[in-house]
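The values are calculated or read from the model by the stated rules, or taken from the named source; none is laboratory data. This structure is a prediction, so every number in the text was calculated from the model and none was measured. Quick reminder, even Gly has a Cβ in these numbers, built from the backbone with ideal geometry, and neighbours come from all protein chains shown.
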Amino acid sequence: MAAYTTGKIIEFNNIKKEISRLKKNFKKIVFTNGCFDIIHAGHVSYLNEAKSLGDVLIVGINSDKSVKRLKGQDRPIIGEKDRAYILANIKPVDYVVIFDEDTPYNLIREITPDVLVKGGDYDGKDVVGKDIVEPSGGKVVLIDFVKGKSTSGIIKKIKEG
């Protein structure tokens with residue numbers, strides 16, 4: 001579909017070439033990931049804050065198969081191509097990559113970002129990819145979620161009417 005064409009959505013197997021180009025231009029790369037099933041204000045706030053940590057923000061999104069494994073058969077609400085397109089058109093997002101695994105570990109290994117960003121709910125937990133990012137001189141940053149803003153909350157509200 002022509003409506004879904006954007007140079008910001010990159011196939012997993014093409015990301016390494018783009019990363020090489022960015023690093024040659026001394027760009028500070030920030031990476032975050034998630035399902036991003038129903039985009040809401042909390043997501044946009046999180047993405048704006050993540051982008052402020054570097055020059056280029058890459059967002060990895062779980063494929064539909066991955067979301068189903070993680071969240072259950074009723075998810076995702078919005079398909080991966082639509083989610084990627086929506087994210088690619090949010091101002092702070094520079095690139096979107098869809099990944100099939102349950103975690104973005106292999107994608108993080110391909111990118112080796114300067115900054116790995118996760119939500120504040122990871123405080124005290126192991127952040128996937130930390131063992132890749134920190135030894136290469138990068139850092140892990142946790143960003144607080146916007147209180148009362150969540151996809152699960154939106155779905156609950158819709159179901160309850």
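Of all residues in segment 128-143, how many are loosely packed, with under 15 Cβ neighbours inside 10 Å and under 12 Å from D114 (Cα atoms)? Break it down into steps so the answer makes sense when it comes.
Our first condition is that a residue be loosely packed, with under 15 Cβ neighbours inside 10 Å; within segment 128-143, this holds for 131, 134-137, 139.
Going one step further and asking which of them are under 12 Å from D114 (Cα atoms), we end up with 134-137, 139.
Number satisfying all stated conditions: 5.
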- Tell me the helices (runs of 4 or more DSSP H) entirely within segment 65-138 that contain at least 3 residues that are under 25 Å from F26 (Cα atoms). 105-111, 130-133
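Each row is one residue, and each column tells you yes or no for (1) of a type outside the set (K, R); (2) under 15 Å from the mean Cα position of the chain (by Cα); (3) surrounded by fewer than 19 Cβ atoms within 10 Å (Cβ to Cβ); (4) at pLDDT below 95.
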| position | (1), (2), (3), (4) |
| --- | --- |
| L22 | yes, no, yes, no |
| H43 | yes, yes, no, yes |
| I58 | yes, yes, no, no |
| S66 | yes, yes, no, no |
| D74 | yes, no, yes, yes |
| I77 | yes, no, yes, yes |
| E80 | yes, yes, no, no |
| V93 | yes, yes, no, no |
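With F36, F12 as the choices, which residue is out of contact with any Asp or Glu (no Cβ under 6 Å at 6 or more places or on another chain), on the phi > 0 side of the Ramachandran plot and surrounded by 15 or more Cβ atoms within 10 Å (Cβ to Cβ)?
On the way: F12 fails: on the phi > 0 side of the Ramachandran plot.
Criteria check complete, one pass: F36.
For the condition touching a residue at least 24 places away in the same chain (Cβ under 8 Å) and touching an Asp or Glu at 6+ places or on another chain (Cβ under 7 Å), what is the one hit in L87, L70, L47, L53?
Numbers: L87 fails: touching an Asp or Glu at 6+ places or on another chain (Cβ under 7 Å); L47 fails: touching an Asp or Glu at 6+ places or on another chain (Cβ under 7 Å); L53 fails: touching an Asp or Glu at 6+ places or on another chain (Cβ under 7 Å).
Being touching a residue at least 24 places away in the same chain (Cβ under 8 Å) and touching an Asp or Glu at 6+ places or on another chain (Cβ under 7 Å) holds for just one of L87, L70, L47, L53, which is L70.
Report yes if I132 is touching a Cys at 6+ places or on another chain (Cβ under 8 Å) and free of Cβ contacts under 8 Å to residues at least 40 places away in the same chain, otherwise no. Even if it seems obvious, please write down each step before you answer.
On the way: touching a Cys at 6+ places or on another chain (Cβ under 8 Å): no; free of Cβ contacts under 8 Å to residues at least 40 places away in the same chain: yes.
In short, no.
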